[in-house]
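The values are calculated or read from the model by the stated rules, or taken from the named source; none is laboratory data. A quick note: this is a predicted structure, and the numbers were derived from the prediction, not measured. Every residue, glycine as well, gets a Cβ built from its backbone with ideal geometry; the counts of neighbours run over all protein chains shown. Accessible surface is based on the protein model in full, side chains and every heavy atom, while ligands, DNA and RNA are left aside. Shrake-Rupley method; radii C 1.70, N 1.55, O 1.52, S 1.80 Å.
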Amino acid sequence: MVVRRSDTVAIEEQAQAAAAAGARVLLVANDGIGRLRPWDETPWSPQNPAPLTVATLNADQGGDLIDSLQRGSVEPKVTSHPTTDYLYDVVRHWSGAVPADPAWRVKPSDLARVDVSFRNHRPGKALEYRSDVWRGWAVGNQLTAPAQGERTDWVTPGADWLDDAFIVGETGQHSIDVLRYRAGKTAKVSWFGPIQRPRMGPIGYQPVRYLDTVYIPAPGWGDSGSGHVGEAHGNFDVKDWMSLYQGDRQLNWGNAEFLRVPELAAEPLPYRLVVDNDRAAWTNPYSTHTLTEWNFTSAATGADSAESLPLIQLDYGVDTDKAGRADRRAELTVAASHLTGTTAGIRKPSLEVSYDDGATWQRSELNRDGDAWRTALKAPKSADFVTLRVTARDSADNSVSQTITRAFGLR
């Protein structure tokens, strides 16, 4: 069906009518300048697509097509790309004034390549945007992306970037720190995949103490690797719970991903932070329940600055397919680290693996691999999931213990 319209909003009404009439494609010819937006859809609109394919034409293209139709039948060839398999994020800053010739001509070798993977457990609609940071300002364009899929990005090197991705109503994933890319080099980023667990970071998610009060953000759903903090913002199906103890005495608790505890003793005392994350009605077969317990020592700070809490962070890596399943002999990496502000050295962690949801456990030998530790799975044929239990301790006797039920699947 071909129509001539000058009102972008009216395209939605026309699409509904065309779909009801049995049309497969709606071509909209603008009677003004340029082309109209093919569908009045924002990145935050529902996941369902338009009721049929909508394409727009400028006045000349539309006029030629309508003239041809008036002379007889026409069979137009339509090629559709609902999602893009490449993206350019390029930026250039000038100080003082824009030059007379602002053209910027680059070759592929002048840019950085980022291979992006979206690894949610099911297909759907995601939102992703990369913002460049300049003089304290972060500016970026939001893009609709598939919750499952691959994309190649070409990015300006040498700039500071922040990266975020969302599945509306489920989760938000955020880069832990400012990102910098090198010209001619390839980086990789993966969103939404297993293994998901609590992860903190220096940009907005740093646990600190100031005077007699601790401020503890504990976003519970960071995805696999060491690059992302992940929270269940706006997701009311999930159950997040956290509590701070001094000895056996509970000081405060909450059912969100942030906890503030005031009026702590001034002297150095041992504390225990427990974070319990359960998917509950949030549909996802992986990381169905995570229990993390941190033991650390803290004392009152001076009035001049806050101090980071020495909460050891655990990161994981495993290759999975789009369905979140790994090979039964896949390699698994575990890394333990501190956030900025803590310098205590971390000893070799311990890892136990269960293939029956925690009914039985197998101790896994870890071998050093750079800043991480590596082991290989030994999954029996009867197993469908891998459950993990990791403990780590530093030289100041701070520790962490984390159990992730059904961290990922097996194929």
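Close amide H partners of GLY184, meaning residues 5 or more places away or on another chain with modelled amide H under 5 Å apart, are LEU111, ALA112, ARG113. Amide H contacts under 5 Å for SER298: LEU269, TYR271, restricted to partners 5 or more places along the chain or on a different chain, H placed in the peptide plane at 1.01 Å from N.
Report the relative contact order of region 101-215, percent, no decimals, based on alpha-carbon pairs under 8 angstrom and at least 6 residues apart.
31
Relative to one another, the C-alpha centroids of region 184-201 and region 122-176 are positioned 12 Å apart.
The value for region 345-411 of Rg(Cα) / (2.2 N^0.38 Å) is 1.19. Estimated at 0.36 nm per residue, the fully extended path between VAL78 and ASP212 surpasses their Cα-Cα distance by 41.7 nm. For region 249-272 versus region 305-335, the spacing of their alpha-carbon centroids is 27 Å. Of the listed residues LYS348, LYS378, the order by accessible area with a 1.4 Å probe, largest first, is LYS378, LYS348.
Computed in the context of the full set of protein chains, the accessible area of the chain at 1.4 Å probe radius has 48% of its extent on carbon or sulfur. Listed values for region 275-287 are Karplus-derived 3J(HN,Hα) couplings in whole Hz (6.51 cos²θ - 1.76 cosθ + 1.60, θ = phi - 60°), namely 10, 10, 10, 10, 5, 6, 8, 6, 5, 4, x, 10, 6, and x replaces Gly and Pro.
Work the Kirkwood hydrodynamic radius out for the chain: mean of 1/r over every pair of different alpha-carbon atoms, inverted, in Å.
That comes to 24.4 Å for the chain.
Accessible surface calculations at 1.4 Å, restricted to protein heavy atoms, place the chain at 52 Å² per residue. The residues HIS233, HIS228, HIS93, HIS338, sorted by heavy-atom accessible surface at 1.4 Å with ligands and nucleic acids left out, run HIS233, HIS93, HIS338, HIS228 from largest to smallest. Sorting PHE408, PHE258 by solvent-accessible area of protein heavy atoms yields PHE258, PHE408, largest first, with a 1.4 Å probe. Evaluated on region 153-285, the Kirkwood hydrodynamic radius is 16.5 Å, with distances taken between all distinct Cα atoms. Sorting the segments 385-393, 215-223 by their residues' average number of neighbouring beta-carbon atoms within 10 angstrom, most packed first, yields 215-223, 385-393. Accessible surface for VAL90 stands near 70 Å², nearest 10, in the context of the full protein assembly shown (1.4 Å probe). For region 109-125, backbone phi angles converted through the Karplus equation (6.51, -1.76, 1.60; θ = phi - 60°) give residue-by-residue couplings of 5, 7, 10, 9, 9, 10, 8, 9, 10, 9, 10, 4, 5, 9, x, x, 10 Hz, Gly and Pro being listed as x.
THR288's amide H: which non-local residues (gap 5+, or another chain) put their own amide H closer than 5 Å, with H modeled 1.01 Å from N in plane and none for Pro or chain starts? Close amide H contacts, sequence-distant or interchain: THR405. What separates the Cα centres of region 376-411 and region 76-91 is a distance of 40 Å.
Plugging the Kirkwood radius over Cα pairs into Stokes-Einstein for region 226-334, at a temperature of 10 °C and a viscosity of 1.306 mPa s, what D comes out in µm²/s?
Values: Rh = 16.7 Å.
Reported coefficient: 95 µm²/s.
Sites listed here are trypsin sites (Lys or Arg not before Pro) in region 133-188 whose DSSP assignment is loop and whose Cβ has at most 14 other Cβ atoms within 10 Å: ARG135, ARG180, ARG182, LYS185.
Ellipticity at 222 nm from helices only: DSSP H runs of n ≥ 4 in the chain, each -39500 (n - 2.57), divided by the residue count, give -2000 deg cm²/dmol.
Here the 3J(HN,Hα) profile of region 149-154, calculated from phi with Karplus coefficients 6.51, -1.76 and 1.60 at θ = phi - 60°, is x, 10, 8, 10, 10, 10 Hz, Gly and Pro shown as x. Note on the chain: with a GNM built from Cα contacts shorter than 10 Å, the maximum mean-square fluctuation among LEU179, LEU65, LEU264 falls on LEU65. Residues of the chain were split at every exposed loop site, defined as GluC sites (Glu not before Pro) in a DSSP loop with at most 13 other C-beta atoms within 10 angstrom, and the longest piece left, sites excluded, is 1-262.
Annotation: peptides 159-167, 78-86, ranked by per-residue average of other Cβ atoms within 10 Å with the highest first, follow the order 159-167, 78-86.
Between helix 59-71 and the chain there is an angle of about 50 degrees, using the helix long axis and the longest principal axis of the Cα atoms.
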